[in-house]
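One structure below.
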Amino acid sequence: MYVWIVHNLCECLTLSSLENIISNLPLFEDLTLSNDQCSGLKRINISSESLKGFRVNNPCDYETNVIVKSAPKLASFCYKGSFKFSITMESSNLLNGTFIILSWPWRENFDGDWFINVLNFPLNLNCSWNRVSLHVESVKALIFPEKLRRACPSSLLNWEHIRVFARRELLRESELRDALLWMSPSLKALSITKRSSSTYFC
């Protein structure tokens, strides 16, 4: 089994050579791409017959677009970063997805722009999701204001199983459930877990 972590793409490999290497490693099962010091990873096509786990770290707020053209064994995906991300998977694999949404640690009052981004972000995740895990600092980051719900139509997601991990504000579970049901009316199961650490690992 090969595990490969690529940091600072623009400093080590051209995009075309990286895509070629990924597609030609027969025992390649786990890939982490980290866009932490440069804007090299703007758009990448992934094809791999053996890839099972895939992670993207984007802490510097760069726009990142991923297209998974062929990955028949891919079962899990994790993204850590800002809202400037999209992924499209051309096959119908059911994935377990983990999304760690970074916000400034001192952010307490989430404004309209934040919630519009939260609402639009899932629309850029064009995959078939088995279970989705959302990691946020506070559940307040996911409780859409009533005014916004009245003014904007629901995104009509079809996420059925959602897990929320937050460090604070777990007492608002019923409000969070209502907000996520509005965002994804197909929701069947929701779990909310308090995280003890401020460090998020993908």
Out of LEU156, LEU134, LEU187, which single residue is modelled with pLDDT of 90 or more and more than 16 Å from the chain's Cα centre (by Cα)? LEU187
In this structure, does VAL118 turn out to be crowded, with 16+ Cβ neighbours inside 10 Å, under 30 Å from SER70 (Cα atoms) and within 13 Å of the chain's Cα centre (by Cα)? yes
Please enumerate the residues belonging to the stretch 168-180 that are surrounded by 17 or more Cβ atoms within 10 Å (Cβ to Cβ) and modelled with pLDDT under 85. GLU169, ARG172
Among the residues of the stretch 84-95, what is the count of those that are under 18 Å from ILE162 (Cα atoms) and open to solvent by 50 Å² or more (accessible area, probe 1.4 Å)? 1
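The values are calculated or read from the model by the stated rules, or taken from the named source; none is laboratory data. This is a predicted model, so every value here is computed, not measured. Here Cβ is always computed from backbone atoms with ideal geometry, including for glycine, and neighbour counts include all displayed protein chains. For the accessible areas, the whole protein counts, side chains as well, though only heavy atoms, and no ligand, DNA or RNA atoms are used. Shrake-Rupley method; radii C 1.70, N 1.55, O 1.52, S 1.80 Å.
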